[in-house]
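The values are calculated or read from the model by the stated rules, or taken from the named source; none is laboratory data. Just so you know, these numbers come straight off a predicted model, no measurement behind them. We place every Cβ from the backbone using ideal geometry, glycine too, and count neighbours over all the protein chains shown.
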Amino acid sequence: MVRTCDYPGCSNKDVADSPQSFHRFPVTDVALRKLWVLVLGIHVDTKVEKIKKLRVCSAHFSDDDFLSTCPGQRQMKKRILKKSAVPAPQVNKTVTTDRAPSITKIMRDRERG
C-alpha cells in the first residue's frame with residue numbers, strides 16, 4: 001500500500017525517488033501533538049492509536065523545520081524534522097474543532113487510495 005500525505009487537500013504519495021519525506025505525528029509530546037492536530041483539523045479527542053497512523057509530507061514544513069547537514073557531512077536521503085516542527089497552517093482556511101473531519105473519514109479515504 002502506498003502511503004499518502006494526510007494534510008487536507010494534499011495528494012503527495014510516498015513512492016520510490018519521491019522528493020518528499022513523510023513524517024509521523026509526535027506522540028510523546030502531547031502539547032506538540034495537539035498543535036499538529038489543530039493544524040490538520042483533526043478532532044482533539046482523537047485517540048493516539050489512530051493518530052500514530054497519520055503522516056504529513058515535507059511540503060507542509062518550512063526549510064527551518066528541518067535539521068541541516070554540516071559542511072563535509074553526507075547529504076541525508078530523507079529530510080529529518082526538528083523536534084519542535086509544526087506543519088504550516090492551511091492558507092485561507094479557519095481550523096475549528098466543530099468542523100474538523102473525522103479521523104475515521106480520513107483513514108477510510110486513505111485506505112481507498
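Structure above, values below:
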| item | result |
| --- | --- |
| Scope the stretch 1-21; condition crowded, with 18+ Cβ neighbours inside 10 Å and not polar (S, T, N, Q); matching residues | CYS5, ASP6, TYR7 |
| Test result for ILE103, surrounded by 15 or more Cβ atoms within 10 Å (Cβ to Cβ) and either at pLDDT below 65 or more than 16 Å from the chain's Cα centre (by Cα) (or both) | yes |
| Long-range neighbours under 6 Å by Cβ, at least six apart or interchain, first residue without any contact (Cβ under 8 Å) to a residue 24 or more places away in the chain within the stretch 42-61, second part of a loop (DSSP other than H, G, I, E, B) and not polar (S, T, N, Q) | VAL48/VAL27 |
| Residues of the stretch 30-53 that turn out to be surrounded by 11 or more Cβ atoms within 10 Å (Cβ to Cβ) and in contact with a Ser or Thr (Cβ under 9 Å, 6 or more places away or on another chain), as a count | 8 |
| Odd one out for PRO71, checked against (1) surrounded by 11 or more Cβ atoms within 10 Å (Cβ to Cβ); (2) modelled with pLDDT under 65; (3) not in a helix (DSSP H, G or I) | (1) |
| Flag for VAL86 being within 24 Å of VAL2 (Cα to Cα), hydrophobic (A, V, I, L, M, F, W, C) and at pLDDT 95 or above | yes |
| Verdict on ALA16 being without any contact (Cβ under 8 Å) to a residue 40 or more places away in the chain and not in a loop (DSSP other than H, G, I, E, B) | no |
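Residues are listed down the side, and each one gets a yes or a no for (1) at pLDDT below 90; (2) not in a helix (DSSP H, G or I):
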position: ASP6; (1), (2): no, yes
position: CYS10; (1), (2): no, yes
position: LEU32; (1), (2): no, no
position: LEU35; (1), (2): no, no
position: LEU38; (1), (2): no, no
position: VAL44; (1), (2): yes, yes
